[in-house]
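Taking it in order: structure first as structure tokens, then the write-up.
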Amino acid sequence: MFYFIISVFIGGCISNSSSRIDNEFALFSTREIFDSINNSYKLVPVIDHYVTIQQDNDLLKIVNVLLDSISKNSFHNLKIDALRIEEKDNEVKLLIINLSENEKFIIPDSLGHYRTWYDFFQGSMGGEITSIILKESILQRNYQGNWIDGMEVYYQNEPIGEWDHIQLSGTIMRN
């Protein structure tokens with residue numbers, strides 16, 4: 001009995017001594033499904049895979065690691081920067097991100113197909129896929145830890161307005 005108590009005590013101390021806690025974040029893609037009510041197809045978000053990010057970073061650092069993973073997984077490493085996290089009066093944390101073009105970007109398709117954000121914004125389906133991936137992968141609606149409450153998206157350092165094929169304008173809330 002004495003050895004059991006000692007082993008539980010030592011085991012408990014060892015398992016609690018690590019300050020590294022990893023969190024899994026979902027990276028989303030989309031799937032087209034048939035909507036029998038509207039007799040049409042629609043895009044829905046689906047989890048593509050998870051990335052593990054160490055908890056010992058501050059929130060902005062965690063967001064930046066997630067944004068790099070989203071870019072690599074879905075957008076050919078196009079630049080997604082977290083500009084800041086604003087804390088509003090009602091304790092709402094609002095993430096401001098910027099989608100930046102490569103320095104050599106001059107006009108759409110100047111760098112080759114799918115080497116610019118412009119390509120991911122084109123067409124109703126392409127724009128919707130881009131919107132879903134960015135919103136769901138950044139907002140992490142099912143994540144239970146400390147996270148942002150909403151986001152605003154900028155393109156080339158300007159707030160995204162109402163564009164034809166993307167739904168990323170204004171403040172997009174998590175819940």
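The values are calculated or read from the model by the stated rules, or taken from the named source; none is laboratory data. As the structure is a prediction and not an experimental result, all values here were calculated from the model. No Cβ is skipped: glycine too gets one built from the backbone with ideal geometry, and neighbour counts run over all protein chains shown. Accessible surface is based on the protein model in full, side chains and every heavy atom, while ligands, DNA and RNA are left aside. Shrake-Rupley method; radii C 1.70, N 1.55, O 1.52, S 1.80 Å.
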- Query: Can you name every residue in segment 40-65 that is among the aromatic types (Phe, Trp, Tyr) and at pLDDT 95 or above?
  - Reply: Tyr50
- Quick one: which residue in Ser169, Ser137, Ser131 is in contact (Cβ under 8 Å) with a residue 40 or more places away in the chain and either small (Gly, Ala, Ser) or in contact with a helix residue (DSSP H, G or I) (Cβ under 7 Å, 6 or more places away or on another chain) (or both)? Ser137
- Query: Residues of segment 34-70 being part of a loop (DSSP other than H, G, I, E, B) and open to solvent by 60 Å² or more (accessible area, probe 1.4 Å), which ones?
  - Reply: Ser36, Ile37, Asn38, Asn39, Gln55, Asp56, Asp58
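Listed here are the residues, each with its yes/no results for (1) in contact (Cβ under 8 Å) with a residue 24 or more places away in the chain; (2) crowded, with 17+ Cβ neighbours inside 10 Å; (3) not in a helix (DSSP H, G or I).
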| residue | (1), (2), (3) |
| --- | --- |
| Glu91 | no, no, yes |
| Asn102 | yes, no, yes |
| Phe120 | yes, yes, no |
| Gly126 | yes, no, no |
| Asn142 | yes, no, yes |
| Trp147 | yes, yes, yes |
| Tyr154 | yes, no, yes |
| Glu162 | no, no, yes |
- Query: Among the numbered criteria (1) of a type in the set (Gly, Ala, Ser); (2) under 25 Å from Ile62 (Cβ atoms); (3) at pLDDT below 95, which single criterion is violated by Gly112?
  - Reply: (2)
